[in-house]
Structures are given as structure tokens and as C-alpha cells.
Amino acid sequence: MGGVRLLRFGAGLACLLVLAAALAQPVELDTRVFAIARQLRCPVCTSESVADSSVELAQQMRQIIKAQLEEGRSEREILAFFQARYGDWILLDPPKRGLHLLVWVLPVAGAAVGVGALVVLGRRWVRRSQEPVAVDPEDVARVRSELEGRSP
């Protein structure tokens, strides 16, 4: 009798494990679909990713991503698929080549020029502050006499 219980318990546990594995696979697939969809711009509402958009076209794009993942394509291949159809614009993180390189280089170059200008102006300001100022002796005497007259 104890062997039968153990056998039933083992069979029930095996069924639960198979069921859990079957349920976990779609969740993992959906996670990968949304991870890839977060890298693509929605063609309708350009300020959102395909993952965040609820537009019909974004839903269709997520279905295409899911189908391609089920076919065994990699993330890079799926992104290249959409890039071939829509151009570099579809990627939320533009490639760092060609005209898109300016998007990455100009802010850094602008910051470097700004820092360089501040350094040059700062050195000039310090140098000029250390130079003696030419003052008329009569003006110095007048200021000193006024300061002495106001002393308590």
C-alpha cells in the first residue's frame, strides 16, 4: 500500500513539473518578445517603443517578433529584419555609424569645446586680476582722505 501511494505521489509531482515547464516557456518567450520590442520604435506613435504602444501595428510587430523567435531567429536577426524594412530610424538606439555618428559625437565635442572655452577664459581672468591697475595718484589721495574722514 505504501508503494502505491509513493507511486501516485511521484506521478502527480511529475505532472506538476511538466505543467510548470509548459507554462514557463510562453512566459519566457513573451519576455524575450518585449525585450526586443523595447528596442524598436513604433512607426505610428514615434515617441514610444513597440513594447509600450497599444496601436494595432505595434501588436502586429510583436506577433512577427514572436513568430521569428519561435522559428529560432536571434535577436540580432530580428532587429536586422525590421531595420531592412524600415531603415535605421526604427531602432530606438541608432547605430553608431554614418550620419547617426553625429548624434553620438556632437554632444561630446560640444561639451569639450565648452570646457576648453571655460579654461581659457578662466586663465585669462586670473591673469588679468594679477596685473597692477594704473591709478592716478590724485584719485588715491582723494579716496584715502574720504576714508580717513569717515573713520569713527
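Pairs needed: first member in region 67-85, farther than 15 Å from A51 by Cα; second member anywhere, part of a helix (DSSP H, G or I) and of a type in the set (K, R); C-beta distance under 8 Å; at least 6 residues apart or different chains.
Note: pairs meeting the criteria are L69/R32.
Scan region 63-95 for residues that are within 18 Å of the chain's Cα centre (by Cα) and either loosely packed, with under 14 Cβ neighbours inside 10 Å or assigned to a loop (DSSP other than H, G, I, E, B) (or both) and jot them down.
D88, W89, L92, D93, P94, P95 - these are the residues of region 63-95 that are within 18 Å of the chain's Cα centre (by Cα) and either loosely packed, with under 14 Cβ neighbours inside 10 Å or assigned to a loop (DSSP other than H, G, I, E, B) (or both).
Run E148 past the list (1) modelled with pLDDT of 90 or more; (2) assigned to a helix (DSSP H, G or I); (3) of a type outside the set (A, V, I, L, M) and report the number of the one that doesn't hold.
In the conditions (1) modelled with pLDDT of 90 or more; (2) assigned to a helix (DSSP H, G or I); (3) of a type outside the set (A, V, I, L, M), E148 misses (1) alone.
So which pairs qualify, if the first residue must be in region 92-119 and at pLDDT below 90, the second must be part of a helix (DSSP H, G or I) and among the charged types (D, E, K, R), the Cβ gap must be under 7 Å, and the two must be at least 6 apart or on different chains?
P94/D88; P95/D88; H100/D88
Of the residues V103, V113, V140, which single one is assigned to a helix (DSSP H, G or I) and either assigned by TED's automatic domain parsing to the domain that holds C45 or under 20 Å from the mean Cα position of the chain (by Cα) (or both)?
Step by step, each of V103, V113, V140 is checked, and only V103 is assigned to a helix (DSSP H, G or I) and either assigned by TED's automatic domain parsing to the domain that holds C45 or under 20 Å from the mean Cα position of the chain (by Cα) (or both).
The values are calculated or read from the model by the stated rules, or taken from the named source; none is laboratory data. All values derive from a computational prediction rather than experimental measurement. A quick note on method: Cβ atoms are made from the backbone with ideal geometry, for glycine too, and the neighbour counts reach across all protein chains shown.
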